[in-house]
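Everything below concerns the one structure shown next.
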Amino acid sequence: MTIELDHIIPIPLKDRFLQRSSDVWNTSVLFSQGEFIKIKAPSGTGKTTLVHLLYKLRHDYEGTIMINARSIADFSEDELAGLRQDKISIIFQDLRLFPNLTARENIELKRILHTPFYDEDVIDKMSEILGISHVLEQKAGLCSYGEQQRIAIVRALIQPFELLIMDEPFSHLDIVNTQKAAALIEVECRKRNAGFIITDLDEDNNFIYNRHLIL
Amino acid sequence: MKGLHYLLKKLIRSGAGRKRFFMAVIGLSVAMLLILTAVQIQADYNDLLHSKSNQDSVANFLVLNKTLSDQNLGATALTDNEINDLKQQVFVESTGSLTPSRFKASIQSSSDRFPFFTDIAFESVPNDFIDVTSKDWKWDENAAFVPIIAPNMFLDFYNFQFSFSQNLPQLTQQVVKMIVFKVNVYGPNGLITFNGRVVGFSDRISSLLVPQEFMNWGNAHFGINQDTKPSRIIIRTKDPGNPQLVQYLKRKGLSTDADKTRFSRYRQIVDIVVRISWGTGVIMLLFALLVFTLFIQLTIASCKEEIILLITLGASPRQLRHFLMKQFFPVHILIISISLLVISGLQFFIHRKLVSQGIFVNSLPSVNTIAAAVFVLISIWLVTNFSIRNYISIPLRKN
C-alpha cells in the first residue's frame, strides 16, 4: 500500500505552518509499502493532527491524501471500515480502549470485527511477551497507563494490516518494556510485509528506520 | 471467548428507558390484538353474509312497493325514473317488475266432491326471480293448462287454520300439485275457462304467479285498463342487511318485508365496533411506534461514545445497524406472533361455539388477518430500520 500526501495542511494551523519548513506539511511525500518511517515532531507541530488525518478522523485540511492512488475523501463509510479492518492499524496516543470491557475483550473485539487474522491464543502469547497476562481479565479502565498502552499495542497487532500508524506508542513504558514492544511490533510488521509510521517527540533507536522526517 | 454480538451488547447497553420499552411492548400487543380483532370480525361477518353454507336464498330477494299512505292511495305505480334510480344503486344486483293481472279471474274446483270457488288475481315476474323449477312452467295458447305457483304461506294458512275451521282435510304440496281446477277469466266478450294446476310453491313472492306469457296474453285480451306501470318490483341484492339499502328504502318511501332487512341493525352495530377497534388499535400502534423510536434514539444517544470508538476502530456502520436491528426487531416478531396465536385461539373457540348453533364461521383466522399482521410487521421493520439509520448517523456526523 502506498500513501501520498500532496501539499496537505490543516486549516486551523495553516497560518502558523506556512511560516516554517516541514518534511510533511505543504509538500509532497510518498510512503511506500513496507517502509519504516519515523516522524520526529516537537510539541505543537501537529503530530496527532497528522495521525488523525491519515486515519481519516479529521477532514479540516487542504491538499490531498491518496491511498493506493485514490483520495481518501472518496472513501465511503463502509470502505473506510474495510480499510481500518485489514489495511491500516493504529495505536492512538490517548489509547482509546473501552474502559468497561476487560483487556482481553478489548483485544478480542478488534480480532473478530472481521474474519480473524490470528487465533484467539495469539492474544495470550502477545500479552505474555509484553507482560500483561495478569491484567487480561481486568477491566481496561482499571489498568495503569503502562498496561493500557500495551493492551492497545496488542490490539493493533491482532488484526491484519499493511501500515501501522503509531502516535507516541511507548510514552508510558520504561526502557525494557519499550524494547520488548518494539521487538514485537517489528516481528509482526515483517510477518505481514507491512510498514509503519511512528511519531515521537525525540530521536530513538527502537527500530532501524528507512526514513526520518521532521514535522 | 464470546462473539462480536456479545461484546457489542456489552458496549451498547439498552438499559436506559427499559420501563418505557416494556410499556411500549404492552401497548403494541394491545394495539395488535385490537387491529387483528377488527379485521377478523369483519372477515367473520362477511363469511356469515356471503358464504354458501350460510346463505339464505329468501333473504336475497326483496319485493318492494311504495308504502301506502293517505296521500298515495291509488297512485302506487313506480315510475320509470324511480325504477332506473333503483337500478343504479350499488346494492341492487338486478331488478324485475311484477306485472299484476288487469282482468277479473276466479278459480273453482272441477269436481263436485271437493267444491271450492274464489275470486283471484295473478301476478307474473321474470323467470330469473322465481325460486321454483318446474318443467311445466310455460304457457301458450294451445297449452293444456295454466301453471300456477302459489306462496307457501297460502298452503300453511289453509292447512293450519282454514281446514280446521271448515272441517276440511289437510293437504300436502304433492296432493295440491295433482289437483286440476278451473281458471275463469272474465273479458269484455264473456268468460273463458282454462284448466289450471299448481306446479310449485314459493317462499319468495307472496302472490299467485302465472307465466309471463299468460299474463301478457290475458292483459292484452281482457285487460280493463292499459296502464302498464308496475306497482311492485323485485330486486336481487347481495346483502339485504346493508344499512345503505334500508336507508334508501326509507328515503324513497318504499317498503319491503322488514324481517328480511333486520340484519341491517346488527350490521350497523358490528360496523361501529369494528371501527372503534380499528381506530383505537391504529392510534395505539402509532404511539407504540413512537415510543420504540424514542427508545432507539435514547439507546444510541446514550452509547454515542462507544459507537464513535467502534467506528474509529473499524466497525462498519452496516455492522452496527445490523446489530441494533437484531436488538430491537425480534421483540416485534414475538408480539405479532403471540397476537396472531391469541386471535387464532379465539377464532377457534368462536367456531366451536357457533357450529353447535348451526352457524358456520371459519376455524382459522382469515387471510386478511394474517395479511394485516404481516403488513404491520413490515411497517415496524421499516420504521425501526429508518430510526436506526437516522440516529446512528448523528454521532458519526459529529465525529
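Mean separation of Cα pairs under 8 Å and 6 or more residues apart, divided by the residue count, gives chain A a relative contact order of 33 percent. Under the simplified labelling scheme, the residue A:71-residue A:124 pair shows an inter-label distance of 5.0 nm, with each label point 7 Å from Cα along Cα→Cβ. Taking every alpha-carbon pair under 8 Å whose residues sit at least 6 apart, chain B reaches a relative contact order of 28 percent. Could you check the spin-label model distance between residue A:18 and residue B:178? Points 7 Å from the Cα along Cα→Cβ, value in nm. About 12.4 nm, to one decimal. Treating r as the C-beta distance of residue B:136 and residue B:216 and R0 as 22 Å, the FRET efficiency rounds to 0.75. Placing +1 on each Lys and Arg Cβ and -1 on each Asp and Glu Cβ, with no other charges, gives region B:181-305 a dipole about its Cα centre of roughly 220 debye. Once each of the trypsin sites (Lys or Arg not before Pro) sitting in a DSSP loop with at most 15 other beta-carbon atoms within 10 Å is removed, chain B keeps B:263-399 as its longest stretch. Spacing of the modelled spin labels on residue B:322 and residue B:75, each 7 Å from Cα toward Cβ, amounts to 8.3 nm. Summary of the geometry: region B:221-250 and region B:60-105, compared by the centres of their Cα atoms, lie 3 Å apart. In angstrom, the C-alpha Rg and Dmax of the protein assembly as shown are 46.1, 142. Ranking B:170, A:10, A:199 by Cα position along the charge dipole of the protein assembly as shown, where only Lys, Arg, Asp and Glu carry charges on their C-beta atoms, puts B:170 farthest toward the positive end. Pairs from the table (A:56/B:10; A:125/B:326; B:19/B:304; A:87/A:125) lying more than 32 angstrom apart at Cα are A:125/B:326. Other residues within the sphere of radius under 11 Å centred on the Cβ of residue B:198, judged by their own Cβ, net out at +1 (K and R +1, D and E -1). For the segment A:37-50, counting C-beta atoms of other chains within 10 Å of every residue's C-beta and taking the mean gives 0. Summing Cβ point charges (Lys, Arg +1; Asp, Glu -1) relative to the Cα centre of region A:49-188 gives a dipole of roughly 140 debye. Per residue of A:87-100, other chain Cβ atoms within 10 Å of the residue Cβ number 2 on average. Taking every DSSP bridge with both residues inside the protein assembly as shown, close to 65 percent are antiparallel. Multiplying the residue separation of residue B:157 and residue B:381 by 0.36 nm and subtracting their alpha-carbon distance yields 74.1 nm.
Counting Cβ atoms of other protein chains within 10 Å of each Cβ in A:53-62 and taking the mean gives 1.
Taking the Cα centre of the protein assembly as shown as origin and assigning +1 to Lys and Arg Cβ atoms and -1 to Asp and Glu Cβ atoms, the resulting dipole is close to 1060 debye. Comparing Cα centroids, region A:171-206 and region B:311-356 end up 52 angstrom apart.
Only the coordinates and a few stated rules stand behind these numbers; no lab work does. Everything numeric here is computed off the predicted structure, so don't read it as measured data. Neighbour counts run over all protein chains shown; Cβ positions are idealised from the backbone, glycine included.
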